[in-house]
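Trainee: Next up is a structure, given as structure tokens.
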């Protein structure tokens, strides 16, 4: 029996919510009167940067690992990721007491490798190409029988990520819109399915770096458009849109707004300065996009998902910018 | 009639709590399993860095301003401060609709000056000496009749700061100890009075930079010891211990632990990396000291007050350190 659900709906996401409730953080929602006065909206920030492992990825990975049958679980899990999914899967596997094999490109930051090891995951280094990563993961699967938990093209993962919206709408039922960054599309898809089921009138809006805008182009054209050498400071959003996520995004997402790297950096810095919390560049993309909603209509109640807070504190983007411009 | 209470006790602090309740943030308490595992204690962090104006100073300033009689209030308030008290007083005055005159040294960071102006306060620049600051404040008092609200040597302010402990013990009744940074001593004094009244067995511990250790020396000798050219990265804790605060500290504080600048910087960075929230160097001094409690006894439930989160994001202390050592 497969642990994959046959489709995605509110019931599947609610089941994920029950499954992971005591294993993740019910993240707080924060507000800022400074931001509200500045943009003429009521902004509510869902702080997934304060989630376990520092990113929403803990939701999907934990749901996937705890969806496994005893038979599947025994063999462990495997994934390839250089980012937040890696640590999230390692942590979930440790909670269940099973092995996690994490394929990472050999140029992945030391800090990300250590995070995986700290959670007891096995790090397998490979060349920094998608082909090499997929091959290494497949090889490990063959050797061990471990279950592949893809970072986003996996319904168990998407259902887990969707629990962000369940919590958010419990915490702030009156949201007119939710804005969430989109990379591979799993988080946005899960949120869109849950939010629209709970409130068909809510607007669900993706936020994407202009330099990695394959989701925006795909939503327009109606088919998955290739992501060709994406480039953005928001390194968590460079992945190509997944098939499963895109199907839901087409059905349920109202719009995808793109933002430039300077807009992302300014949004990130504002959050640090005003809200006193750490978001990574990818994590601030939703806020950057929400600021562009302002001209549309004033006085909306907008939910912004801050997706993560993991970054190298020795190299902050505004410093890179300054160095680059000098 | 003076707005100064005749003394400090739980009743006065509770009255302050009622007075400011709808004007400040009931700040969240955060935990980290990473920290708990690392130090063998249960640490609870009271996040005054997430307070209005980014620091606990909002409590005392708001209590002082809203303690004023109509007659006093009409004439406005005045203070001298280069730090978090300045913005806090300006904000409180705006909430009450009265003028605030803030004397700042002319080398105060632009960001701090702008914060005061953003809240509608009048910034009066003077030479960067204590004598010049006090003279300028006195001059303004004479001209306008404005009420001086000292940053810490003021019972209205100390009572307001003490509300941190009321909230903290409501949120975590089982605290064995509270650790709080000490500069001028108002926050520590208010917390000590409130906490000991609510639970006589609780330990209240001050945390002070080794380079500005006048409070530790004073507690030992039993009289206020001069602070001679204090020097620390924790720029919010360089003030000399106040008379009113010291009286309470002598009665109610169990110990003052000093920490080095490298310990402060390491503590601050850990909070950023693990908890994903911004604390300024002074704000992290309590955590640095709490880590030194570990050898005393394990398994304690320790409350750590993170006092503020305002700093220049272009110049982070670990970068200064690196630059300095290269």
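Trainee: Label 7 Å along Cα→Cβ of residue B:314; segment A:273-294 residues with amide nitrogen under 11 Å?
Mentor: none
Trainee: On to the next question. Which residue is it, in chain A, that holds its beta carbon closest to the axis of the A-onto-B rotation, and how many whole angstrom away?
Mentor: Chain A residue with minimal Cβ-axis distance: A:277, 3.
Trainee: How much FRET efficiency would the formula 1/(1 + (r/R0)^6) give for residue A:134 and residue B:70, where r is the Cβ-Cβ distance and R0 is 51 Å, rounded to 0.05?
Mentor: 0.10
Trainee: Taking the alpha carbon gyration tensor of segment B:127-167, what are the square roots of 5 times its eigenvalues, largest first, to the nearest whole Å?
Mentor: 27, 13, 6
Trainee: Using only the Cα atoms, what convex hull volume per residue in Å³ does the protein assembly as shown have?
Mentor: 164
Trainee: Antiparallel DSSP bridges in the protein assembly as shown: what percent, to the nearest 5? List each step's numbers first, then the result.
Mentor: On the way: 7 of 67 bridges.
For the protein assembly as shown, the DSSP antiparallel bridge percentage is about 10.
Trainee: Taking just the C-alpha trace of chain A, give me its Rg and Dmax in Å.
Mentor: Rg, Dmax (Cα atoms, Å): 18.5, 59.
Trainee: Ok, one more. Going from the alpha-carbon gyration tensor of segment A:189-301, what semi-axes, largest first and in whole Å, does one get by taking the root of 5 times each eigenvalue? List each step's numbers first, then the result.
Mentor: Values: eigenvalues 100, 75, 29 Å².
They are 22, 19, 12 Å, listed from largest to smallest.
Trainee: Nm distances between the label at residue A:220 and the same-position labels in the remaining copies, 7 Å along Cα→Cβ, shortest first?
Mentor: 7.0
Trainee: Please report, for the Cα atoms of segment B:58-148, the Rg to one decimal and the Dmax as a whole number; what are they, in angstrom?
Mentor: 11.9, 35
Trainee: Quick one: label points 7 angstrom along Cα→Cβ at residue A:260, distances to the other copies in nm, smallest first?
Mentor: Ordered by increasing distance: 4.7 nm.
Trainee: If you don't mind, another one. Across peptide B:269-276, how many C-beta atoms of other chains are within 10 Å of each residue C-beta, on average?
Mentor: Working: counts 2, 0, 1, 6, 8, 1, 5, 16.
Mean shielding count: 5.
Trainee: Follow-up. Ordered by packing density, taken as the mean number of other Cβ atoms within 10 Å over each peptide's residues, highest first, how do B:183-196, A:79-92, B:200-213 rank? Mind showing how you got there, number by number?
Mentor: Details: B:183-196: 30.4, A:79-92: 28.1, B:200-213: 21.9.
In decreasing order of mean packing, B:183-196, A:79-92, B:200-213 become B:183-196, A:79-92, B:200-213.
Trainee: Rounded, prolate or oblate: which fits segment A:1-131 when a ≥ b ≥ c are the square roots of the eigenvalues of the alpha-carbon gyration tensor, with rounded for a/c under 1.5 and prolate only if a/b beats b/c?
Mentor: Here segment A:1-131 falls in the oblate category.
Trainee: Give me the base-10 log of I(q)/I(0) for segment A:233-281 at each q in 0.16, 0.22 Å⁻¹, Debye formula, one uniform scatterer per Cα, rounded to two decimals.
Mentor: Values returned for q = 0.16, 0.22 Å⁻¹ are -0.64, -0.89.
Trainee: If you don't mind, another one. Relative contact order (percent) for segment B:58-148, with alpha-carbon contacts under 8 angstrom and 6 or more residues of separation?
Mentor: RCO, segment B:58-148: 32 percent.
Trainee: Determine the shielding of peptide A:309-315 by partner chains: average, over its residues, the number of Cβ atoms on other chains within 10 angstrom of each Cβ.
Mentor: Mean number of neighbouring Cβ atoms from other chains: 3.
Trainee: What distance in nm separates the simple spin-label points at residue B:26 and residue B:96, each placed 7 Å from Cα in the Cβ direction?
Mentor: If labels sit at residue B:26 and residue B:96, their model points lie 2.4 nm apart.
Trainee: Express in whole angstrom the spacing between the alpha-carbon centres of segment A:187-229 and segment B:98-161.
Mentor: 50
Trainee: Can you list, shortest first and in nm, the gaps between the label point of residue A:34 and those of its counterparts in the other copies, using a point 7 Å from Cα in the C-beta direction?
Mentor: Taking the point 7 Å beyond Cα along Cα→Cβ, the inter-copy spacings are 2.5 nm.
Trainee: Which of the peptides A:29-40, A:44-55 is most tightly packed, and how do the rest follow, going by the mean number of other Cβ atoms within 10 Å of each residue?
Mentor: Highest mean packing first, the order is A:44-55, A:29-40.
Trainee: Cα centroids of segment A:16-66 and segment B:7-25: how far apart, whole angstrom?
Mentor: 32
Trainee: Here's something else I'd like to know. Please state the relative contact order of chain B as a whole percent: Cα pairs under 8 Å, 6+ residues apart? Please list the in-between numbers first.
Mentor: Numbers: 705 pairs, mean separation 67.0, N = 326.
Contact order relative to length: 21 percent.
Trainee: Could you please rank B:114, B:282, B:227, placing first whichever residue has the fewest other Cβ atoms within 10 Å of its Cβ?
Mentor: Taking fewest neighbouring Cβ atoms as first place, the list is B:114, B:227, B:282.
Every read-out reported here was derived from the displayed coordinates using simple, explicitly stated rules and does not represent laboratory data. Since we're looking at a predicted model, the values are computed, not measured. Note that each Cβ is placed from the backbone with ideal geometry, even for glycine, and that neighbours are counted across all protein chains shown.
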